[in-house]
Structures are given as C-alpha cells and as structure tokens.
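In what follows, a single structure is set out as structure tokens and then discussed.
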Amino acid sequence: MDSDTRPPGAAEAGQFCHFHGGESGTALPVKSVARNSGPDVLLHACAPCREQRHLVPLPAAS
C-alpha cells in the first residue's frame with residue numbers, strides 16, 4: 001500500500017473509518033501514527049466509532 005492504511009479503492013481520505021474498516025461520511029482524523037520511514041499516518045474514525053471508543057478528533061491544522 002501507499003502512504004496510508006486504506007485498502008485499495010477505499011473512499012478519499014477522511015471518508016474511510018480505520019476502526020470499523022469501512023466507508024463513512026463522518027470520519028475525522030483521531031490519531032497520528034509514526035512510521036520508521038515516510039510521513040506519519042492519520043487514522044480516521046467515524047462518529048459511531050468515536051463515540052464507542054471515546055476518541056477525540058485531532059485539532060485542525062492551521
């Protein structure tokens with residue numbers, strides 16, 4: 001895979017939930033994961049997954 005963790009053919013960034021593994025219109029970045037090489041990976045979670053797992057969206061970059 002490329003620089004993110006979405007399966008091939010998944011929705012655009014922010015429209016895929018890494019926690020339930022499916023498309024979502026409510027997914028927001030909740031965690032940045034460092035890698036040994038390359039840029040960090042942003043993990044996204046949809047509203048139901050954020051609520052179930054008590055996840056807080058990352059602040060917007062300025």
**Report entry** Filter result (aliphatic (A, V, I, L, M) and either touching a Ser or Thr at 6+ places or on another chain (Cβ under 9 Å) or at pLDDT 95 or above (or both)) within the stretch 1-26
**Finding:** Ala11
Query raised in the report: Give me the pairs: first residue in the stretch 15-32 and at negative phi, second residue of a type in the set (S, T, N, Q) and surrounded by 19 or more Cβ atoms within 10 Å (Cβ to Cβ), beta-carbon distance under 9 Å, and six or more apart or on different chains, which are they?
Result: Gln15/Ser24; Phe16/Ser24; Cys17/Ser24
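If you check Ser37 against the conditions, is it outside any loop (DSSP other than H, G, I, E, B) and of a type in the set (Ser, Thr, Tyr)?
Values: outside any loop (DSSP other than H, G, I, E, B): no; of a type in the set (Ser, Thr, Tyr): yes.
Answer is no for this residue.
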Query raised in the report: Within the set of pairs 6+ apart or on separate chains, which have a first residue in the stretch 33-62 that is more than 16 Å from Phe16 (Cβ to Cβ), a second that is exposed (fewer than 15 other Cβ atoms within 10 Å of the Cβ) and of a type in the set (D, E, K, R), and C-beta atoms under 8 Å apart?
Result: Ala34/Asp40
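The values are calculated or read from the model by the stated rules, or taken from the named source; none is laboratory data. Every value quoted in this text rests on a predicted model; they were computed, and no experiment measured them. All Cβ positions, glycine included, derive from the backbone under ideal geometry; neighbour counts span all protein chains shown.
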